[in-house]
Amino acid sequence: MKFKNPPVNSLSLELLTELVISLEKLENDKSFRGLILTSDRPGIFSAGLDLREMCGRNPAHYAEYWRAVQELWLRLYLSNMVVISAINGASPAGGCLMALCSDYRVLADNPKYNIGLNETLLGIVAPFWFKDTLVNTIGHRTAERALQLGLLFPPADALQVGMVDQVVPEDQVQSKALSVMAQWLAIPEHARQLTKNMMRKATADLLIKQREADIQNFVSFISKDSIQKSLHIYLEKLKQKKG
Amino acid sequence: MKFKNPPVNSLSLELLTELVISLEKLENDKSFRGLILTSDRPGIFSAGLDLREMCGRNPAHYAEYWRAVQELWLRLYLSNMVVISAINGASPAGGCLMALCSDYRVLADNPKYNIGLNETLLGIVAPFWFKDTLVNTIGHRTAERALQLGLLFPPADALQVGMVDQVVPEDQVQSKALSVMAQWLAIPEHARQLTKNMMRKATADLLIKQREADIQNFVSFISKDSIQKSLHIYLEKLKQKKG
Amino acid sequence: MKFKNPPVNSLSLELLTELVISLEKLENDKSFRGLILTSDRPGIFSAGLDLREMCGRNPAHYAEYWRAVQELWLRLYLSNMVVISAINGASPAGGCLMALCSDYRVLADNPKYNIGLNETLLGIVAPFWFKDTLVNTIGHRTAERALQLGLLFPPADALQVGMVDQVVPEDQVQSKALSVMAQWLAIPEHARQLTKNMMRKATADLLIKQREADIQNFVSFISKDSIQKSLHIYLEKLKQKKG
């Protein structure tokens, strides 16, 4: 599955909806047993959530958008397929989250390909289920520091803290992801799926049991004048950069 | 306490019952303050649960067997004694579990002495309390990967992920276990016991609160035709190997 | 904030009360955004709880003292400020706890500057919230071993297990703490505070929901003849050492 939403594979509402529908199809088609997440545009895996969906819109839009983000996370994190990320570009925030949902992460060894949940740098806060996913991957203490400081880890550091499982030369990311996939697909499938579910169900349930409250939290937080203002400033900066 | 059940120290119902009774006696005898788990047969620590107890029997037998497995885990994991494993052989599945219940694990440096919860490779699933014991020992992410892939770690890897605490030359396993025991026994006993209990009680309670449901789960899972078939094939392979 | 309570910065009831009042003031004064914990007496960061407050007093005194310890932990652990420890001396038990409450720990590279929760060595038991703070910092397995054995880690080991974040030459502890503080203060403040709270609230709530029961536990434990006796012996030893 190749992310393709120029210029930076932002998770717009449209892309999210597409991804969720594709995932549902793949999940129900027993001939698909594994999924490799990668980018159609080497250089950027995914820039994460689309700030334009969170800025200058109405509460109903924010709610719809957030429900789609939740849905993508739930489907990726609990997928019965083997999910492997072939990370061929930078993956901040939501891009990092998708990688964290995988069963295995291969990162291209390029100093520009940072990965991390950098929400605080934008003045916003990762939701508790982003946090839980990170804690499950790199442990409580490393997650606490990384989330507070909004750290983006270059490849060597990402490997060292356990944010990714392997760092390989850029031209070997896809082939390495494929060979890892072969290893995972060799495991008796039903037992592997039950085991994965046992590891992740409790974390997913925390959101499932309070999806509506989580949406309300997001809508009221993102609607604040101060947050809208800081997102607006950030978006303007991005535009100037491109210009 | 030396495991002795030729040829591979499988945890048959008989051995489990024996171990539980011995543990109970030792626990109640205040002159025993420490316990070293090791094998009478260097080369195999314990092959773990006895597949013959889970194959071709009736539900009542499966239930009795599973209750005995639970009982051993509860007694080992919550033992007031200092429990140290002198791992002088391979320890897959249930063998690994007993080692994980210890307070300290010394592994002989022999490339054949793998350790891990490899249940998925047999098409079965480690119960949640095996999983919890592993997560408590090596953390969530490493456990997730190890359990899904059914990884068996050779000594250097076992040390690196924290599956064991020390790897020593094969002829020093017993002496090292004894010297570690001396260090642990030097701690004021009541304080150490209360501290151990504080660390482990919550994990044990998860099973204690649902032992019957866990037994039912096991019986219905293991009774499935597909599972019986795959266990049967596996047992046949083992017989041919020996033959 | 410099600890100053000769000779070893023990957390007497008086010092605890002072610290809590100071923290409350700083917390409410928006011009204070960061706090560095360090000792006025290089060589000893803090010896931790004051055994004299726990020995030979009446239950009401024990209860008052314990409530003050709880209060300090709650305020430090949940502080909205960036809290950094510049650990310029040994920090056993309660001294270690204060360091663990920080967002970042810089330890002076002096082999005498051990850090750890060594309660078992005195025959007492760290309360569950000390344990939770430690588990959040160094993980379950390392905490289990450290707490049972009452381990005090010299600098290199403390860094290796994650008890501290950095070890620097003794004359650079303060300057390093200041430069780390500058890095943390550069993060958008509201987002950082909400993120910190998200990471720590669940752990703090475990105590908040049962403060009175925890006080009763402490009072009845510490009032036991056997505990009083062992504390008394320990205090006598300390006096003889000084003499």
Requested in this report: Could you pull out the residue among C:ALA99, C:ALA47 that is within 14 Å of another protein chain (Cβ to nearest Cβ), buried (at least 20 other Cβ atoms within 10 Å of the Cβ) and closer than 17 Å to C:SER10 by Cα?
Outcome: C:ALA99
Requested in this report: Filter segment A:170-180 down to residues that are closer than 28 Å to B:LEU152 by Cα and touching a strand residue (DSSP E or B) at 6+ places or on another chain (Cβ under 6 Å) and give me whichever is farthest from the other protein chains (Cβ to nearest Cβ).
Outcome: A:GLN174
Query raised in the report: Could you say whether any residue in segment C:86-93 is modelled with pLDDT of 95 or more, in contact with a Lys or Arg (Cβ under 9 Å, 6 or more places away or on another chain) and not hydrophobic (A, V, I, L, M, F, W, C)?
Result: yes
**Report entry** Count of segment C:116-169 residues which are within 9 Å of chain B (Cβ to nearest Cβ), within 17 Å of C:TYR104 (Cα to Cα) and without any contact (Cβ under 8 Å) to a residue 12 or more places away in the chain
**Finding:** 1
Requested in this report: Could you grab the pairs with beta carbons closer than 8 Å, sequence gap of 6+ or different chains, first residue in segment A:229-242 and within 13 Å of A:GLY123 (Cα to Cα) and away from every other protein chain (no Cβ under 14 Å), second one basic (Lys, Arg) and surrounded by 13 or more Cβ atoms within 10 Å (Cβ to Cβ)?
Outcome: A:LEU235/A:ARG52
Report task. Might you check whether a residue that is more than 14 Å from the chain's Cα centre (by Cα) and within 16 Å of A:ILE87 (Cβ to Cβ) occurs anywhere in segment A:123-136? Result -> no
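Under the condition of being over 20 Å from the mean Cα position of the chain (by Cα) and more than 10 Å from chain A (Cβ to nearest Cβ), which residue from segment C:181-205 is farthest from C:LEU74 (Cα to Cα)?
Taking the candidates together, the pick is C:ALA182.
Conditions (1) surrounded by fewer than 17 Cβ atoms within 10 Å (Cβ to Cβ); (2) touching a His at 6+ places or on another chain (Cβ under 8 Å), marked per residue:
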| site | (1), (2) |
| --- | --- |
| C:VAL167 | no, no |
| C:VAL173 | no, no |
| C:LEU178 | yes, no |
| C:ALA182 | yes, no |
| C:ALA186 | yes, no |
| C:ALA191 | no, no |
| C:MET199 | no, yes |
| C:ALA213 | yes, no |
Query raised in the report: Name the residues in segment B:151-200 that are of a type outside the set (A, V, I, L, M), closer than 16 Å to B:VAL82 by Cβ and outside any helix (DSSP H, G or I), would you?
Result: B:ASP165, B:GLN166, B:PRO188
Report summary line: Of the conditions (1) crowded, with 18+ Cβ neighbours inside 10 Å; (2) farther than 27 Å from B:GLN228 by Cβ, the single one that B:PRO92 does not satisfy is (2)
**Report entry** Candidates B:LEU238, B:LEU231, B:LEU206, filtered to the one that is modelled with pLDDT under 95, assigned to a helix (DSSP H, G or I) and surrounded by fewer than 16 Cβ atoms within 10 Å (Cβ to Cβ)
**Finding:** B:LEU238
Report summary line: Note on C:LEU117: of the conditions (1) at pLDDT 95 or above; (2) over 30 Å from C:GLN228 (Cα atoms), unmet is (2)
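May I ask you to say which residue of B:LEU151, B:LEU147 is aliphatic (A, V, I, L, M), surrounded by 18 or more Cβ atoms within 10 Å (Cβ to Cβ), modelled with pLDDT of 95 or more and in contact with a Ser or Thr (Cβ under 6 Å, 6 or more places away or on another chain)?
After ruling out the rest, the residue left standing is B:LEU147.
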Query raised in the report: Among (1) of a type in the set (S, T, N, Q); (2) surrounded by fewer than 23 Cβ atoms within 10 Å (Cβ to Cβ); (3) within 30 Å of A:GLN228 (Cβ to Cβ), where does A:ASN80 come up short?
Result: (3)
Report task. From A:ASP29, A:ASP40, grab the single residue that is touching a Phe, Trp or Tyr at 6+ places or on another chain (Cβ under 7 Å), acidic (Asp, Glu) and surrounded by fewer than 18 Cβ atoms within 10 Å (Cβ to Cβ). Result -> A:ASP40
Query raised in the report: Counting only residues that are among the aliphatic types (A, V, I, L, M) and surrounded by fewer than 22 Cβ atoms within 10 Å (Cβ to Cβ), how many does segment B:108-121 have?
Result: 1
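The values are calculated or read from the model by the stated rules, or taken from the named source; none is laboratory data. In this text, all values refer to a predicted model and were calculated from it rather than measured experimentally. With ideal geometry, Cβ positions are generated from the backbone for all residues, glycine too; neighbour counts draw on all protein chains shown.
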